[in-house]
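Just below is one structure, and these are the notes that go with it.
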Amino acid sequence: MQKTRLSKIRRTLSWCVPLTLTALALALAAAWARGEAEIHRLSELLLAGDIDDSRSVLRDLGSPLFHGQDVRTARFVVRAFEDELPLPERLGFEVRAAQLDPSAFDLTLLARAAFARGDFDSVLRLTDLATALGPEVPELVTLAARIETGEVIAEPALYRAATSTWRGESVLARRVAEHLRAPESGVSLRFRDGEALGQLNAGGLKLADGLDPQLIPAILGDAADGVGAHTLHTTLDRELSEAARRAFGRFRGSIVLVDPWNGDVLAAVSDRKTLRREGGTPAFEQMREPASISKLITTAAYLRDGGDPDARLRRMACRGHLSYSGQRLYCPVIAGPLRGLDRAMAVSCNVAFAELATEIGRPALLGELRRFGFDRPFRASAGIRFPAGRVVTAGGDQRQLADLAIGLEASDITPLHAALLAAVVANGGELPEPALVRAADGRLGLHPRPLDAAPNRTVLDPAHADVLRQSMRAVAERGTGMRMKTRGFPVAMKTGTASHPAHGFHVNYIGFGPLPHARVAFCVRITHQGTSRRVRSAATQVTTRLLRNLRTVARQRGWLEPRQPQLAPDLRQRLARDHRRPQDGHGSTSRAR
């Protein structure tokens, strides 16, 4: 009986003990795996700089059976991020007492991640911890963090390393080497791609070595007022600026390129003679009559008033002139039947747009000009103030109203403002505020902080902007801009020609491209020509070269890949369907019928 009982116990133990041991092993393995997963999660949180969640994970881990050394190391790393480490002279003692694992966390990787976030103080504390633990210290990142925190580096060994071993290794190495070779005094300026542009100090703007002053707006010397930064990132694109500068050839004038969606000034260049004689930044400051580019604004005013300019101009025929207040207004050509807005804009018929203005009246046209930025200064950006166009003669007779409608004598505009008029049409009806500086930064220029940007002003209904876009395409494809058409870089344009007794003839050629989704809006202003024929010939040559240069850049940057924007419904169809415009007494249409 006793033997039978013992035999049963032995049989029970023979299978129970292995099961128990297996269960225990599985439980221990599961605990180890959970700890491993939590340590991995902790590493990811520390890399992301999420200290609050890291502390939460550490609390949940407590004092685990496994990974105790890793957890203790993690607590020191978290203390480094929170500025709770002991002083360096005591740190080594505490690290040894805690028996930390130097391989538990990649402190070099954590330091690089902290530097990328701009957490320079944490980089230095992680370096102290790495020194105490014994792994290799991330020397370059540490040196960069010391520079960014304002430390003056005067160690010859570091200078030699930066200018030899690190040369070409990375952007960070190049910036550190540049700083150590010539620590900045004042504010550093950079192009939009980060390339050095120059320095702003008490002596003014000093350009980087080898940089052509033609490429840099002198008004940049006004930058940094109140920004409080060591580095400013400008909106200027050096490649596009070079493309604009090369377009001038032997002619005088200014070229402005802007981003039509946010107003960033990509290029603002003038010829050397204009810069020498006028000083300042002619591309932003030179006032001239807008000429026929104002016809876009006149058309917008007519649309806002409820009219259908296409239907109205379809009934007109251009005879080359018409009298207003006893004075003749001449057209560039006798165009004959206009057949609608697109042809009227393409041949730039003066009488057609003077008639539109006569119908809607002076207050409506003046209101539209001011919506488009005339007599309303653009918002200052980083201490830079951009002049806007102005209405010179707000009152007068019908002839002066006609002049205002076609941009002669009664108004002035800058090349920058003219480029922004094209931007309004390109981006669906919004006038962007121009900007020459977009971000502030530290000493190395690797952590840009965007400056507050003014919102775009809504100027046009998107459907109205689409009408103007179509008419500008007609100008480029079969009108006054067709000789500048560049295969492979489709654009929409408007041309304008005027003269001044003291300055001769000038043009404003504005547009945007490549279509359908424009990346650049432009103004080409050519000045100081003796006749309208000569100034148009010069402008055609310059604009053609510009568009060809832009085509080269567009191909390199992939701008020509198909990207179809969402356009507004066809306004002509909408007006034909549901609108009949009443006569409102602002003017008679009898002369044009």
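Among the residues of the range 30-46, count how many are surrounded by fewer than 17 Cβ atoms within 10 Å (Cβ to Cβ) and either of a type outside the set (D, E, K, R) or at pLDDT 80 or above (or both).
Step one: of the range 30-46, the residues surrounded by fewer than 17 Cβ atoms within 10 Å (Cβ to Cβ) are 30-34, 36-37, 40-41, 44.
Of the ones still in play, those that are also either of a type outside the set (D, E, K, R) or at pLDDT 80 or above (or both) are 30-33, 37, 40-41, 44.
Result for the range 30-46: 8.
Can you tell me which residue among Thr486, Thr458, Thr480 is touching a Ser or Thr at 6+ places or on another chain (Cβ under 8 Å), surrounded by fewer than 22 Cβ atoms within 10 Å (Cβ to Cβ) and either in contact (Cβ under 8 Å) with a residue 60 or more places away in the chain or not aromatic (Phe, Trp, Tyr) (or both)?
Details: Thr458 fails: touching a Ser or Thr at 6+ places or on another chain (Cβ under 8 Å); Thr480 fails: surrounded by fewer than 22 Cβ atoms within 10 Å (Cβ to Cβ).
Only one candidate passes the filter, namely Thr486.
In the list Arg328, Arg319, Arg371, Arg312, which residue meets the criterion of being within 23 Å of Val459 (Cβ to Cβ) and open to solvent by 40 Å² or more (accessible area, probe 1.4 Å)? Break it down stepwise before answering.
Numbers: Arg328 fails: within 23 Å of Val459 (Cβ to Cβ); Arg319 fails: within 23 Å of Val459 (Cβ to Cβ); Arg312 fails: open to solvent by 40 Å² or more (accessible area, probe 1.4 Å).
Just one listed residue meets the conditions, Arg371.
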All-but-one check, Glu433 against (1) among the charged types (D, E, K, R); (2) in a loop (DSSP other than H, G, I, E, B); (3) open to solvent by 30 Å² or more (accessible area, probe 1.4 Å); (4) touching a Lys or Arg at 6+ places or on another chain (Cβ under 9 Å), failing number (3)
Per the filter on the range 288-302, residues open to solvent by less than 10 Å² (accessible area, probe 1.4 Å) and farther than 13 Å from Ser348 by Cα are Pro290, Ile297, Ala300, Ala301, Tyr302
Among Arg443, Arg399, Arg379, Arg449, the single one that is touching a helix residue (DSSP H, G or I) at 6+ places or on another chain (Cβ under 6 Å) and surrounded by fewer than 22 Cβ atoms within 10 Å (Cβ to Cβ) is Arg443
For the range 206-238 the number of residues that are open to solvent by 40 Å² or more (accessible area, probe 1.4 Å), of a type in the set (Asp, Glu) and closer than 20 Å to Phe284 by Cα is 2
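Being modelled with pLDDT of 95 or more and not polar (S, T, N, Q) narrows it down to one residue among Arg469, Arg563; which is it? Steps first, answer last, please.
Numbers: Arg563 fails: modelled with pLDDT of 95 or more.
None of the other options fit; the residue is Arg469.
Is it fair to say Leu356 is farther than 25 Å from Pro415 by Cα and either open to solvent by 10 Å² or more (accessible area, probe 1.4 Å) or out of contact with any Lys or Arg (no Cβ under 6 Å at 6 or more places or on another chain) (or both)? I'd like the intermediate steps shown before the answer.
On the way: farther than 25 Å from Pro415 by Cα: yes; either open to solvent by 10 Å² or more (accessible area, probe 1.4 Å) or out of contact with any Lys or Arg (no Cβ under 6 Å at 6 or more places or on another chain) (or both): yes.
Considered against the rule, which asks whether it is farther than 25 Å from Pro415 by Cα and either open to solvent by 10 Å² or more (accessible area, probe 1.4 Å) or out of contact with any Lys or Arg (no Cβ under 6 Å at 6 or more places or on another chain) (or both), Leu356 comes out as yes.
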Does Cys349 qualify as being within 25 Å of Ala492 (Cβ to Cβ), surrounded by 15 or more Cβ atoms within 10 Å (Cβ to Cβ), at pLDDT below 95 and not aromatic (Phe, Trp, Tyr)?
no
(Q) Yes or no: the range 81-89 includes at least one residue that is out of contact with any helix residue (DSSP H, G or I) (no Cβ under 7 Å at 6 or more places or on another chain), part of a helix (DSSP H, G or I) and modelled with pLDDT of 70 or more. (A) yes
Of those in the range 174-205 that are polar (S, T, N, Q) and modelled with pLDDT of 80 or more, the residue most open to solvent (accessible area, probe 1.4 Å) is Asn201
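Please note which helices (runs of 4 or more DSSP H) are completely contained in the range 231-325 and include at least 1 residues that are closer than 25 Å to Ser532 by Cα. Can you show your working first?
On the way: elements: 238-247, 272-278, 282-285, 294-304, 309-314.
Output list reads 238-247, 272-278, 282-285, 294-304.
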Of the residues in the range 114-133, those that are open to solvent by 20 Å² or more (accessible area, probe 1.4 Å), part of a helix (DSSP H, G or I) and under 11 Å from Gly49 (Cα atoms) come to Ala116
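Looking at the range 264-283, is at least one residue of a type outside the set (Ser, Thr, Tyr), surrounded by fewer than 21 Cβ atoms within 10 Å (Cβ to Cβ) and farther than 18 Å from Asp212 by Cα? Show your work before the answer.
Going through the range 264-283, the residues of a type outside the set (Ser, Thr, Tyr) turn out to be 264-269, 271-273, 275-280, 282-283.
From what's left, surrounded by fewer than 21 Cβ atoms within 10 Å (Cβ to Cβ): 272-273, 275-280.
This time we only want the ones that are farther than 18 Å from Asp212 by Cα, so: none.
No: zero hits.
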Scanning the range 315-371 residue by residue, those within 29 Å of Glu430 (Cβ to Cβ) and among the basic types (Lys, Arg) turn out to be Arg343, Arg362, Arg370, Arg371
With criteria (1) under 25 Å from the mean Cα position of the chain (by Cα); (2) of a type outside the set (Val, Ile, Thr); (3) part of a loop (DSSP other than H, G, I, E, B), Leu468 comes up short on (3)
Considering residues that are under 21 Å from Arg276 (Cα atoms) and open to solvent by less than 10 Å² (accessible area, probe 1.4 Å), the number found within the range 244-263 is 7
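Taking helices (runs of 4 or more DSSP H) that do not extend beyond the range 331-422, which have at least 3 residues that are small (Gly, Ala, Ser)?
In the range 331-422, 350-360 are the helices (runs of 4 or more DSSP H) which contain 3 or more residues that are small (Gly, Ala, Ser).
The values are calculated or read from the model by the stated rules, or taken from the named source; none is laboratory data. All values reported here derive from a predicted model rather than from experimental measurement. Ideal geometry is used to build each Cβ from the backbone, glycine not excepted, and the neighbour counts take in all protein chains shown. With ligands, DNA and RNA removed, areas are computed over all heavy atoms of the protein, side chains included. Shrake-Rupley method; radii C 1.70, N 1.55, O 1.52, S 1.80 Å.
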